[in-house]
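Before any comments, here is the structure.
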Amino acid sequence: MREMTDNEQRILTLVGADGPLSKRDLSERGRMAWATVSKYVNRLEREDILERTGTSVCDRHLGKNAYLYDLAVRAPLFVGIDIEYRTSRVAHVNLRRQICRQQVFATPEIADIEELIAFVHGLYRVELEAQDERTPPIAGVGIGLPRWLVSGESDLFLKLGERLTDLFGVPVRVENNIRAYTLFVLSQLRETSFLVVSVRNGIGAGIVSRGRLHRGETGLAGEIGHITIDAAGRQCRCGKQGCLETIVNQRLLCEKYRVATGTLTSGCEEDVASDDCLRELFTAAHQGAQAALTILEEAAIPLGRSLATLLLVLDIQSIYLVGRFGQHGAVWIDSLQREIQRNVDPGLSFSVHYRPLDDDGYLLGAASLVARDYLDYSILAAPEVSTRRR
Ligand SMILES: [Zn+2]
């Protein structure tokens, strides 16, 4: 597959979001000259990426019917792979950011990068075997995985991407799960600068600045779960003590709730951290139960302080809190917002929003790691307006 130009990315993004569209529609919405649109649409049509799907009733500029273009049936697909500690999922994702086929596999014990490569190779082979002459070509593979799946490698993501690109013969990009998920959020929001903060058994942040995902020099950007809160605290999986995620996480929130409600029983470890229990906690807080509110307020202190640090460093104004908190997750926003405000410049404006975690988002986001060569999500965002108060 060749590289798409910026104009082609604009055309594909607009058609994927709002197609079918005429050349005139594309020229207006994409702010491109008609001749430019025409040149690239023709080229994408020749390459089986766009196809004509009919005509618009009337093109008022030309005074005649105009062809409508949509993504072609043979438009390239992307493979998205989401690897978690227990299960891994593989999906075909199209340029409309839809999941076409999805399979789930158990994740084996993985000791080092070689075993990880062998596992991913196996997943990819399954996808290739499912291909036939009618299936569109695979244009790339995007993979999201936990940073600590294999320890002792500096920039595991980059290394893995290079090795797998050689092995598969198509571009392969790898990031941690939260950065992959952040690309999914980016494709849904009409915003160009924001943070996605996920609270699960770990805490991580994805950073989008001016429409671009920030990964840092070695893929460590956004590891807020490992900000030290209590140097004498619990041992963390990263090797340090008292990191933020040893103090606030899904499991601890549930455990505190079970203790407060007197429903903690031994021998049900899994149940303690279950999504049901977490939803119960947020529902109770929403209904005004003091014990639940206190747990969330206490947890908001270290989390809010860490987020305040991030806002001061990055100068980003929107935070999207993501978790399996159920429909009442927004009940945490007030206490978080208060704690952040207490720890930043009083004139700094920011907002915190809750988004329930969408499992497909990990797969779609992983696929976006490569699909973004074809799509430019930032053009869907409203023009950037400075709302800064100083
Ligand atoms: Zn840590």
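Suppose the filter is buried (at least 16 other Cβ atoms within 10 Å of the Cβ) and either free of Cβ contacts under 8 Å to residues at least 40 places away in the same chain or not aromatic (Phe, Trp, Tyr) (or both); does residue 127 pass it? Judged against the criteria, residue 127 is a match.
Return a yes/no flag: does region 222-236 have any residue that is more than 12 Å from the ligand (Cβ to nearest atom) and more than 21 Å from the chain's Cα centre (by Cα). Yes - at least one qualifying residue is present in region 222-236.
Quick grid of which residues meet (1) crowded, with 17+ Cβ neighbours inside 10 Å; (2) over 22 Å from residue 179 (Cβ atoms); (3) of a type in the set (Gly, Ala, Ser):
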residue	(1), (2), (3)
45	no, yes, no
49	yes, yes, no
102	no, no, no
110	yes, no, no
136	yes, yes, no
141	yes, no, no
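Within region 287-294, does at least one residue satisfy the condition of being touching a Pro at 6+ places or on another chain (Cβ under 9 Å) and farther than 21 Å from residue 202 by Cα? No: zero hits.
Inspection of region 2-24 finds no residue satisfying the criterion of being among the acidic types (Asp, Glu), closer than 30 Å to residue 201 by Cβ and surrounded by fewer than 17 Cβ atoms within 10 Å (Cβ to Cβ). Only one of the numbered conditions (1) in contact with an Asp or Glu (Cβ under 8 Å, 6 or more places away or on another chain); (2) in a strand (DSSP E or B) is not met by residue 82, and that is (1). The condition of being in contact with a Lys or Arg (Cβ under 9 Å, 6 or more places away or on another chain) and more than 13 Å from the ligand (Cβ to nearest atom) holds for only one of 163, 215, that being 215.
It is to be established whether one or more residues within region 294-306 are more than 25 Å from residue 195 (Cα to Cα), away from the ligand (no atom under 16 Å from the Cβ) and either in the same structural domain as residue 210 (by TED's automatic domain parsing) or surrounded by 19 or more Cβ atoms within 10 Å (Cβ to Cβ) (or both). Among the residues of region 294-306, at least one is more than 25 Å from residue 195 (Cα to Cα), away from the ligand (no atom under 16 Å from the Cβ) and either in the same structural domain as residue 210 (by TED's automatic domain parsing) or surrounded by 19 or more Cβ atoms within 10 Å (Cβ to Cβ) (or both), which makes the answer yes.
The values are calculated or read from the model by the stated rules, or taken from the named source; none is laboratory data. As the structure is a prediction and not an experimental result, all values here were calculated from the model. We place every Cβ from the backbone using ideal geometry, glycine too, and count neighbours over all the protein chains shown.
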